[in-house]
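Read-outs: derived from the displayed coordinates by stated rules, not from any lab. Only a predicted model underlies this, so the values are computations on that prediction, with no experimental measurement involved. Backbone-built Cβ (ideal geometry, glycine too); neighbour counts: all protein chains shown.
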Amino acid sequence: MQVAAFRRAFARLRGARDGNVAILFAFLSLPILGFTGAAIDYGLATRLEVKLQAATDATALALCQTPLSTTKAALQLQAGTMMTGFMGATVTLDAITITDNPRQITLTARAPSPIFFGKITGTTTIRPRATARCATPLPKTFEIALVLDNTGSMNVSGGGQTKMQALKTAAANFVDYVYSNDAFSAGTRLSIVPFASAVAIPASYRSASWIDLTGKSSYHWTNVLSPGGSNFTNRLQIFAKLQGVYAGWGWAGCLETLPYPLNIQDMTPSSNDSYFVPMLAPDEPGDSSATYACVGQNCSYNSYIDDKTDKTNCDTTNNLTFAQLEGRACKYVSPTGATPTNSNYFTGVPNGPNFGCTTQPLQTLTSDTAALKALINSMAPLGSTNIYEGLMWGWRTLSPLSVFAGGASPPASYSSSAVNKVLILMTDGENSWPMNGNSPYNQSMYFPAGYIKNADGSGPNPRLPPGNQNISTTSRARNALDALTSLACSNAKAAGISIYTIGFSVPADPIDQQGLNLLSSCASATNQFFVANDANGLITAFNQIASSIGSLRLTQ
C-alpha cells in the first residue's frame, strides 16, 4: 500500500518536471532561432556586398575610360547598363559625381538583400552599399621609342601573313592609339628605330659633330690601310669615290660599334675613340664579278670592285697577302669593275660598301604621324639580327645626354617629372654575327664591330665586355652580343627608361630559350615582357602595351 502511494507521488513529480523543461526549451529556442536567422540573412547580404563592390569598381573604371567629352547623363546610363549586366538584376545607383583636373568619377550603388527571418529578428531591410571612385589621369607626356626588327627572318609567315606585315599593322595601330587616346598629351612624341645587323641614321646627320669626319678614332682605318697614300682623310671620301661609279653606293648612314664601355652608355663624344665611325664594308679580295671569290685559302663574299687599277702602285696584286689586298686604299681612288648587282652568297644582302646596312634610317622623336607611318610602311626584311645595336640607338633617341640631344627638338631631361620615357623592343630572333668559315683570315662577315680579324690584324675585343672576348665561333659571338644587350638594358633602365620587350616567336621560326631569357631580363617588369606566337598575337601585344602605358587607376 505504501509502495503504490510512493509510485503515484513520483509520477506526479516527473510530469511536472517535463512540463517545465518544455516551457524552458520553448523560451530559449526563440533567441537561438533569431541568432541563426540573422547569421543567414547577414551572410547573404555580405556576399551580395562583395559582388556589388566588384561590379562598382569595374563599372567606375570603365566610366573613366570614356572620352572627357562624355556627358554626365550618358555616363549615368552606361553605369546602369553595366551594373545590371554585372549583377544580373537592376540595382539602385546614386547620381554620379564628377570632378575635374583630373576627372574623378564617384559611383555609389545599392541593392536590396533578401530577408528570410525578419519576423523573428525584427529586421525589415538590408541594403548593401558600394562606392568606387576612379580617376582619369591628366594626359601624360611620353617619349616612346619603337625598336623594330627588320631582319630577313621577318619575311617568314607569321600566321596568315608575313611577320613583317603583322609588324607594320601593329606599329601603325600603336601610332593611331597614342595620338587618339586621352591618356597621352599632345606633346607625346615617338621615335622609330628599324634594326637588322646595324642601324642607319638620317642623312641630315651626315655632318653631325659626333660623326668621325677627320679620322680621329683609332678604329677609322682598321680595314683601309695607309690612307695617307691615297689622300683619304675619312671614310666618307671613299664612299664619294664609290658613288661615282654606282649611284647606290653612297653612305647609307650606318655606324660602327663604339669601344667598350662607351658602347653601353648614352653619351656624346669627348675623346677620339668616342666619335662614331661610318660603317664601310671593305672590298674583299677576289674577282668582283663572281658571287664569291677566293684568294689562296681565303674566300670572300663581298668583292665589289677590282683589287687593282691602272693607278701607279695599284696596278698589280702580285705577292700581296689577303690582308694587303683587302686593306689597300689605292683601289678606291679610281674604282673599276663595279658589280652592284651581286648579293652575298649566304645572307642575300647586296654586295658593296654598305654591306650589313640594310634598314631604312631611324626616325628621331616626332609627333608627325605621317612621317612615322611612312617609315613603318617602308620597312623591309633583310639582314642578320643585332638586337644590341637596335636597343642602343633606341635609347639614344630618348637620351638627353646622347647624340640627338643637340637637335632642334631634343629629348626631355631625365629629371623631368612631366615626361615619361618608354622603349619598346620587338624582335623575332636571336643575336647573330654571321661567321665566314671559308675565310681563315677575316673569320666572319663584316659587322658593326668590324671583322673577327681586320685587315690591320686587330679584332673586336676592345668593343666587347671583358668576359666575352676572343670570339671565334657563332655561339661565342652571340654570347658577346647578348652580354652587350643585357648591359645596355640595365644601364637604360637605371637612367629611367621603362622597357617593354616582345619576342615574336612563331612555330615555324621560334626564338630559343636563351633569346627569350634575354628579352625577359631586359624588360623593366615581368608584365612588360610579351611573347607573340602569331600575327594576331603580335598585334595584341602592341595593343596591350599601348593601353597599359596610359593605364587608369582607382583612387580608393
Which labelled figure in (i) 25.1, 81; (ii) 26.7, 91; (iii) 36.3, 159 is Rg and Dmax of the Cα atoms in Å, once derived from the coordinates: (iii)
Given the DSSP H assignment, sum -39500 (n - 2.57) over each helix run of at least 4 residues in the chain and divide by its residue total; what's the result at 222 nm in deg cm²/dmol, nearest 500? -11000 deg cm²/dmol
Please give every one of the lysines within straight-line cross-link reach of Lys308, meaning a C-alpha to C-alpha distance under 19 Å, and leave out same-chain neighbours fewer than 8 residues apart. Lys241, Lys331
Sparse-neighbourhood loop sites, trypsin sites (Lys or Arg not before Pro) in the stretch 423-521 - DSSP loop, at most 16 other Cβ within 10 angstrom: none
Please determine, in degrees from 0 to 90 and to the nearest 10, the orientation of helix 474-495 with respect to the longest principal axis defined by the Cα atoms of the chain, where the helix direction is its Cα long axis. 60
Could you work out how far helix 387-398 tilts from the main Cα principal axis of the chain, as a 0 to 90 degree angle to the nearest 10? 80
How far is helix 163-178 tilted, in degrees, relative to the longest principal axis of the Cα atoms in the chain, given as a value from 0 to 90 rounded to the nearest 10? 60
Near Lys373, which aspartates and glutamates are there with a Cα under 13 Å away, not counting those fewer than 8 places off in the same chain? Asp176
Just order 230-239, 439-448 by mean Cβ neighbour count inside 10 Å, highest at the front, would you? 439-448, 230-239
Straight-line reach only, C-alpha to C-alpha below 22 angstrom: list the lysines that Lys493 could link to, leaving out same-chain residues fewer than 8 apart. Lys140, Lys421
Could you please state, rounded to a whole Å, how far the C-alpha centre of the stretch 271-341 is from the C-alpha centre of the stretch 448-523? 29
Which order do Glu430, Glu284 fall in if you start with the one that has the fewest other Cβ atoms within 10 Å? Glu430, Glu284
So for the chain, taking the charge dipole from beta-carbon charges (+1 Lys/Arg, -1 Asp/Glu), which of Thr131, Ser432, Pro112 sits furthest toward the positive end? Pro112
